[in-house]
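Chemist: Once you've had a glance at the structure underneath, I'll fire off some questions.
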Amino acid sequence: MSESATQNIPQKKVGNRFIRVTKNILIFLIKWIVYIGALVGSSLLLSKLSTIHGKDLPDEYFLNGYPTILKLLDSEVFMGFVFFVTLAIVVYVVYLLWQLHEVAVHKAHAMSSAHTQIVFALSLCGLFIDKTWWVLAILIAFTRWDIVSNSVSNIIRKGMAVTVPNQQKAKIEE
């Protein structure tokens, strides 16, 4: 009995693995079909918004047998695709610029810093008022405050050690 039970367990794992891999492949294919469908559908939708050159092209456009590119450029569907891709690139660049602007907030949040809210406020001030506030937010977010506090403590400790003997010498001289 124990032999059959141990033999069934690996078969179930193999069967489960096959189902899981098949499911992941199907999900990947469905996502890509949806993405391509959205791209083509958006291109067709945007192509219906305008006419590029009209339908009548002059004979001068067709010299030396090169009309293919001109037909492509005159196509509303192609220009809709170009517009869609251009719009997508602009939106992506704006997103990346926003991520760059929020790098201080993300860094402070990742470090679980106590300064997260002040960094966020300074970052917003940098966006709407002056970029100096954004630089200050970057400095606060990326500063290792434990090292700074230890350094300041060492400076104060060394200063106290130097002043104490000088005060004792002054009292002895009096």
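The values are calculated or read from the model by the stated rules, or taken from the named source; none is laboratory data. Given the structure is predicted, the values throughout are model-derived calculations rather than measurements. So basically every Cβ, Gly included, is an ideal-geometry build from the backbone, and we count neighbours across all protein chains shown. The protein model used for the area step is the full one, side chains on, heavy atoms only, and it has no ligands, DNA or RNA in it. Shrake-Rupley method; radii C 1.70, N 1.55, O 1.52, S 1.80 Å.
Chemist: Calculate what fraction, in whole %, of the accessible area of segment 94-150 sits on carbon and sulfur atoms when a 1.4 Å probe is rolled over the protein chains.
Modeler: Exposed carbon and sulfur together represent 72 percent of the surface.
Chemist: Can you give the accessible area per residue of segment 71-130, in Å², using a 1.4 Å probe? Mind dumping the intermediate values first?
Modeler: Details: 4090 Å² over 60 residues.
Per-residue value: 68 Å².
Chemist: Let me ask you something else. With labels modelled as points extended 7 Å from the Cα through the Cβ direction, what inter-label distance (nm, one decimal) is found for HIS109 paired with LEU97?
Modeler: Label-label distance for HIS109 and LEU97, simple model: 2.1 nm.
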